[in-house]
Amino acid sequence: RLADMTVTLQDTLQPLTIDVAADDEHAVQVIYNPADSTITLDRTCSGGPTTKYDTCAFSITPENGQLKLRFIMDRYSLELFVNDGQQAATITYYTPQEADRIQFHAETPVQIDVEFYPLKL
């Protein structure tokens with residue numbers, strides 16, 4: 001739940017969803033769609049009141065076929081940096097503190113490298 005995580009994707013042509021602050025009912029989703037080169041942040045299942053601002057999408061540009069996503073997570077927020085700060089986004093979320101899983105979802109195998117560092121307050 002308190003972490004600094006970097007996910008690097010190599011030549012990914014398939015959509016990939018990364019759930020953070022997840023449990024069986026809650027999650028904040030970071031969705032990479034290579035078909036239109038977008039990242040979508042979706043907190044509609046985060047447990048808080050839903051609003052029209054629960055999802056946001058932005059265009060990204062992979063560099064040399066590689067996409068680097070750095071997640072800095074604390075109790076109630078996520079900062080996402082794309083390709084070392086080429087793009088950045090910050091969201092807050094309200095999942096229960098026990099929702100501490102990180103899950104990766106793809107329809108077909110995807111090659112990723114993950115660096116994970118727990119943080120302390």
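The values are calculated or read from the model by the stated rules, or taken from the named source; none is laboratory data. All values reported here derive from a predicted model rather than from experimental measurement. Reconstructed Cβ throughout: ideal geometry from the backbone, glycine too, with neighbour counts over all protein chains shown. Ligands, DNA and RNA are excluded from the accessible area calculation, which covers all protein heavy atoms including side chains. Shrake-Rupley method; radii C 1.70, N 1.55, O 1.52, S 1.80 Å.
Do the conditions hold for Thr40, that is, is it open to solvent by 70 Å² or more (accessible area, probe 1.4 Å) and farther than 16 Å from Asp113 by Cα? No: the conditions fail for Thr40.
Yes/no matrix, rows are residues, columns are (1) over 19 Å from Pro109 (Cα atoms); (2) aliphatic (A, V, I, L, M):
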{"position": "Asp19", "(1), (2)": "no, no"}
{"position": "Thr40", "(1), (2)": "yes, no"}
{"position": "Thr44", "(1), (2)": "yes, no"}
{"position": "Thr50", "(1), (2)": "yes, no"}
{"position": "Ile60", "(1), (2)": "yes, yes"}
{"position": "Gln66", "(1), (2)": "no, no"}
{"position": "Arg75", "(1), (2)": "yes, no"}
{"position": "Leu78", "(1), (2)": "yes, yes"}
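If you go through the stretch 45-102 and keep only what is among the basic types (Lys, Arg), in contact with a strand residue (DSSP E or B) (Cβ under 7 Å, 6 or more places away or on another chain) and closer than 21 Å to Glu25 by Cβ, you end up with just Arg101.
On the stretch given as the stretch 107-118, residues that are open to solvent by less than 80 Å² (accessible area, probe 1.4 Å), touching a strand residue (DSSP E or B) at 6+ places or on another chain (Cβ under 6 Å) and at pLDDT below 95 total 2.
Yes or no: Glu63 at pLDDT below 90, open to solvent by 60 Å² or more (accessible area, probe 1.4 Å) and acidic (Asp, Glu)?
Working: at pLDDT below 90: yes; open to solvent by 60 Å² or more (accessible area, probe 1.4 Å): yes; acidic (Asp, Glu): yes.
Against the criterion (at pLDDT below 90, open to solvent by 60 Å² or more (accessible area, probe 1.4 Å) and acidic (Asp, Glu)), Glu63 qualifies.
For the stretch 85-106, a tally of residues being in contact with a Lys or Arg (Cβ under 7 Å, 6 or more places away or on another chain), in a loop (DSSP other than H, G, I, E, B), surrounded by 12 or more Cβ atoms within 10 Å (Cβ to Cβ) and not charged (D, E, K, R) returns 1.
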